[in-house]
Amino acid sequence: MKSARIRIRKADSADVDELRELIECSVRELQAADYTPAQLEAALDTVVGVDSQLIADRTYFVAEARTRDAQSNVEHPTGHSDSAAKWVLAGCGGWSKRKTLFGSDHWRGREDALLDPKHDAAKIRAFFVHPAWARRGIGSRILEACEIAASTAGFTSFELGATLTGVKLFKVRGYVAAEKIEVSVKNGITLPVIRMVKRP
């Protein structure tokens, strides 16, 4: 019998290459039912990807995972068993004290001005789960860590731009759809995103 072991920690600059690979894999596989291949590739070229500002602000989290069988040997998602196996990145996501609602380092629509916790909602940002670890509660674990951290910083409400794929997760966690946004990404291609909010 196998049970997943998950741990949450803050991301750092050493994670960037692995995060980039995880994000691209997550987008191409898990979002394929909601967006066309052209939309996904255009998004990866423009709006979707690593946001190094979140990492620098120490507000971005990664979930690391592995499984153990009955003999306590570590097993990778691929099924390979190795008692010396390392933890693997299974998901990522963060929150922000800045105005940007969504967007990677190469997104032109960034707003890095700071928010006021007394009046503004913290932004929930850049959630992705590796396909090998999908539907195991990892997104919820990261979201909980984000909400706790943002609340500790004084925020009482939250806002995000959810992909069509991610709406279900956030809805279950109390977020309500506020508006649909058509994000212009590349060559006339748009990406529908749902702005969602959660208030006390």
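Worth a mention:
- Index of the failed condition, Val88 passing every other in (1) farther than 22 Å from Arg66 by Cβ; (2) open to solvent by 30 Å² or more (accessible area, probe 1.4 Å); (3) of a type in the set (A, V, I, L, M): (1)
- Condition met for Ala122 (crowded, with 16+ Cβ neighbours inside 10 Å and more than 25 Å from Leu44 (Cα to Cα)): no
- Filtered by the rule that a residue be surrounded by 13 or more Cβ atoms within 10 Å (Cβ to Cβ), of a type in the set (A, V, I, L, M, F, W, C) and more than 23 Å from Gly137 (Cα to Cα), the range 17-45 gives Leu40, Ala42, Ala43, Leu44.
- Inter-residue pairs, beta-carbon under 7 Å, first within 20 Å of Pro131 (Cα to Cα) and among the hydroxyl-bearing types (Ser, Thr, Tyr) and in the range 39-65, second modelled with pLDDT of 95 or more and open to solvent by 10 Å² or more (accessible area, probe 1.4 Å), 6+ apart: Tyr60/Lys10
- One residue alone among Ala121, Ala90, Ala56 is touching a helix residue (DSSP H, G or I) at 6+ places or on another chain (Cβ under 7 Å) and either closer than 30 Å to Asn187 by Cα or modelled with pLDDT of 95 or more (or both), and that residue is Ala90.
- Extreme residue, farthest from Thr46 (Cα to Cα), among residues of the range 5-25 that are of a type in the set (A, V, I, L, M, F, W, C) and modelled with pLDDT of 95 or more: Ile8
- Of all the numbered requirements in (1) among the basic types (Lys, Arg); (2) loosely packed, with under 15 Cβ neighbours inside 10 Å; (3) at pLDDT 95 or above, Arg135 misses one, and that requirement is (3).
- Some residue of the range 155-167 being open to solvent by 40 Å² or more (accessible area, probe 1.4 Å), modelled with pLDDT of 95 or more, touching a helix residue (DSSP H, G or I) at 6+ places or on another chain (Cβ under 7 Å) and within 22 Å of Thr36 (Cα to Cα): yes
- Qualifying strands (runs of 3 or more DSSP E) (wholly inside the range 81-200; at least 2 residues being in contact with a Ser or Thr (Cβ under 6 Å, 6 or more places away or on another chain) and touching a residue at least 24 places away in the same chain (Cβ under 8 Å)): 88-96, 122-129, 176-186
The values are calculated or read from the model by the stated rules, or taken from the named source; none is laboratory data. For clarity, every value in this text was computed on a predicted model and none was experimentally measured. Please note: Cβ atoms are built from the backbone with ideal geometry, for glycine as well, and neighbour counts cover all protein chains shown. Areas reflect the complete protein model, heavy atoms only, side chains present, ligands, DNA and RNA absent. Shrake-Rupley method; radii C 1.70, N 1.55, O 1.52, S 1.80 Å.
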